[in-house]
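The structure under discussion appears below in the form of structure tokens.
The values are calculated or read from the model by the stated rules, or taken from the named source; none is laboratory data. In this text, all values refer to a predicted model and were calculated from it rather than measured experimentally. So basically every Cβ, Gly included, is an ideal-geometry build from the backbone, and we count neighbours across all protein chains shown.
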Amino acid sequence: MNMKRHGFIISTVLIIGLTWSCTNKKENKYSEIKALEEEVFSMKMLDKIKGVQLVDAYVEYAKDFPEDTASAVFLFKAGDIAMNMGMGNQAVLYYDKVMNQFPEFEKVPESLFLKAFIYENQLGDLKHAEKFYKLFLEKYPSHVLAKDAKASLMYLGKSAEELIKIFQEKNQ
């Protein structure tokens with residue numbers, strides 16, 4: 001009887017220790033992210049090295065804590081920063097993770113729109129851009145970005161000269 005009691009106590013202490021350790025690790029990573037965000041977002045111009053560090057911290061957090069709702073937010077932010085640093089392929093990857101791992105997350109529509117935007121404007125892949133703009137309109141026809149998706153489709157692949165001509169004709 002005494003052996004069972006000691007085994008129970010040891011098991012309980014181990015479980016509590018592991019739980020505390022995981023919680024502490026999560027809180028530490030979260031704090032690191034917040035400190036990096038403060039540093040990055042206080043700069044007038046995005047420092048690429050710090051930007052990459054922040055993206056890596058977001059992605060690592062999401063990998064370590066895939067069930068945490070903060071992971072969806074961090075992956076979306078990773079996509080945003082990667083896009084703004086001209087890292088289109090990585091940004092698309094992060095937006096895909098948002099859409100696949102967190103389908104109920106409020107930023108899923110924006111993730112799809114931004115994916116199409118990146119294909120159009122950073123990767124120059126108009127076929128994929130068209131595909132994803134159309135998918136966006138199919139899934140989210142009433143979304144605030146639907147008007148932008150329609151306009152993007154209408155002007156997709158047009159040169160600057162063609163766009164100027166279209167706008168001049170509209171103004172006459």
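Below is a table of values for the structure above.
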read-out: Looking only at region 147-165, and only at residues there that are touching a Leu at 6+ places or on another chain (Cβ under 8 Å) and either among the basic types (K, R) or buried (at least 16 other Cβ atoms within 10 Å of the Cβ) (or both), the one that is nearest to V98 (Cα to Cα); value: A149
read-out: Those residues of region 12-33 which are surrounded by 11 or more Cβ atoms within 10 Å (Cβ to Cβ) and at pLDDT 85 or above, in sequence order; value: K25, K26, K29, Y30, E32, I33
read-out: Within region 90-172, helices (runs of 4 or more DSSP H) holding 3 or more residues that are at pLDDT 95 or above and acidic (D, E); value: none
read-out: Test result for K97, among the basic types (K, R), in contact with a Leu (Cβ under 9 Å, 6 or more places away or on another chain) and buried (at least 16 other Cβ atoms within 10 Å of the Cβ); value: yes
read-out: Residue pairs meeting the criteria (Cβ under 6 Å; at least 6 apart or on separate chains; first assigned by TED's automatic domain parsing to the domain that holds K127, in region 148-172; second surrounded by 12 or more Cβ atoms within 10 Å (Cβ to Cβ) and among the hydrophobic types (A, V, I, L, M, F, W, C)); value: A149/F136; A149/L137; L156/L126; G157/L126
read-out: Contacts under 6 angstrom Cβ, first residue in region 24-42 being under 18 Å from D68 (Cβ atoms), partner of a type in the set (S, T, Y) and assigned to a helix (DSSP H, G or I), 6 or more apart; value: K29/Y61
read-out: Residue among F136, F74 that alone is buried (at least 21 other Cβ atoms within 10 Å of the Cβ) and touching a Pro at 6+ places or on another chain (Cβ under 8 Å); value: F136
